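Engineer: My questions all concern the structure below.
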Amino acid sequence: MHMQATPSAPILLYRSKVSGHSHRVELFLSLLGLPFEMMDVDLRGGANRSDAYLALNPFGQVPVIDDNGTVVYDSNAILVYLARTYGGERWMPSDVASQVALQQWFSIAAGPVLNGPGAARMVSLFRAPLDHERAKGIAHKLFAVLEQGFSKAAYAIGDEASLADIAAYSYIAHAPEGGVDLAPYPALCAWLARIEALPGFVPMQRAAPAT
Ligand SMILES: N[C@@H](CCC(=O)N[C@@H](CS)C(=O)NCC(=O)O)C(=O)O
């Protein structure tokens, strides 16, 4: 039987409350049942541009984790670190087909998930200078593809939730905040509900549009 490792002291998660990239890490830490503390980084106030923060992540972005001296930035890289260090095979199966599929999902998460629902939400919530219509178009194209996939399979890879689901979840679940309706995609909504039913699930806080 796999004995799960545990950190010697709580893992520090540098995050922003409204960041989906941060949420995917918080969600996975919670699903793993690991002790962690959240450190809110004031992005508006520029705390992520301080020398101290840039020493943690030269890109000045959240999330970053500090696991008792091991510092990792980039949400998908952090998911891999946590799965490999604390999660056993469960979240990151090592057969070739699963590894390939996981990389495809990480690319989806860093590509159309960010540029579609992620970008649309940034326009609605933070008035980001991005093309809202283009972002909504990317989101609907992506969701049409995912709808087909989740009509046939319960999870992104195999018959259980994996890092692929965790990487994709947060910005898709919050697509309506960016003006992207999820109602036309019932299989995608059923998948979101399956993630939300996982033991240890924590939601990202809902955010109101900029006025
Ligand atoms: N590839 C990075 C992207 C992270 C990212 O875009 N973080 C945003 C918040 S969601 C950020 O920190 N923005 C502040 C900035 O870039 O100045 C990851 O997956 O962690």
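The values are calculated or read from the model by the stated rules, or taken from the named source; none is laboratory data. This is a predicted model, so every value here is computed, not measured. Neighbour counts are summed over all protein chains in view; Cβ atoms, including those assigned to glycine, are modelled from backbone coordinates with ideal geometry. Ligands, DNA and RNA are excluded from the accessible area calculation, which covers all protein heavy atoms including side chains. Shrake-Rupley method; radii C 1.70, N 1.55, O 1.52, S 1.80 Å.
Engineer: Surrounded by fewer than 17 Cβ atoms within 10 Å (Cβ to Cβ), of a type outside the set (D, E, K, R) and outside any helix (DSSP H, G or I): is that true of P176 in this structure?
Structural biologist: no
Engineer: Going residue by residue through the stretch 66-77, is there one that turns out to be aliphatic (A, V, I, L, M) and part of a loop (DSSP other than H, G, I, E, B)?
Structural biologist: Within the stretch 66-77, the first condition is being aliphatic (A, V, I, L, M), and the residues that meet it are 71-72, 77.
Keeping just the survivors that are part of a loop (DSSP other than H, G, I, E, B) gives none.
Within the stretch 66-77, not a single residue is aliphatic (A, V, I, L, M) and part of a loop (DSSP other than H, G, I, E, B).
Engineer: Further question: Anything in the stretch 108-139 that is open to solvent by 70 Å² or more (accessible area, probe 1.4 Å), assigned to a helix (DSSP H, G or I) and not acidic (D, E)? List them, or say none. Working first, answer last.
Structural biologist: So the first thing to find is which residues in the stretch 108-139 are open to solvent by 70 Å² or more (accessible area, probe 1.4 Å), and the list is 115, 126-127, 129-131, 133-134.
Okay, now just the ones that are also assigned to a helix (DSSP H, G or I), so 115, 126, 133-134.
Result: N115, F126, R134.
Engineer: Yes or no: the stretch 39-54 includes at least one residue that is open to solvent by 70 Å² or more (accessible area, probe 1.4 Å), within 8 Å of the ligand (Cβ to nearest atom) and either in the same structural domain as I108 (by TED's automatic domain parsing) or part of a helix (DSSP H, G or I) (or both).
Structural biologist: Yes; the residues of the stretch 39-54 include at least one that is open to solvent by 70 Å² or more (accessible area, probe 1.4 Å), within 8 Å of the ligand (Cβ to nearest atom) and either in the same structural domain as I108 (by TED's automatic domain parsing) or part of a helix (DSSP H, G or I) (or both).
Engineer: Provide a single number: the residues in the stretch 7-38 that are touching a helix residue (DSSP H, G or I) at 6+ places or on another chain (Cβ under 8 Å), part of a loop (DSSP other than H, G, I, E, B) and under 21 Å from A161 (Cβ atoms).
Structural biologist: 1
Engineer: Across the stretch 7-38, which residue is nearest to the ligand (Cβ to nearest atom) among those that are of a type in the set (D, E, K, R) and touching a His at 6+ places or on another chain (Cβ under 9 Å)?
Structural biologist: So the first thing to find is which residues in the stretch 7-38 are of a type in the set (D, E, K, R), and the list is 15, 17, 24, 26, 37.
Now restrict to residues that are touching a His at 6+ places or on another chain (Cβ under 9 Å): 15, 17.
Details: R15: 9, K17: 11 Å.
Ranking the candidates gives R15 first.
Engineer: Between a first residue in the stretch 71-96 that is buried (at least 21 other Cβ atoms within 10 Å of the Cβ) and a second residue that is basic (K, R), which pairs have beta carbons less than 7 Å apart while being 6 or more apart in sequence or on different chains?
Structural biologist: Pairs found: S75/R24; L79/R24.
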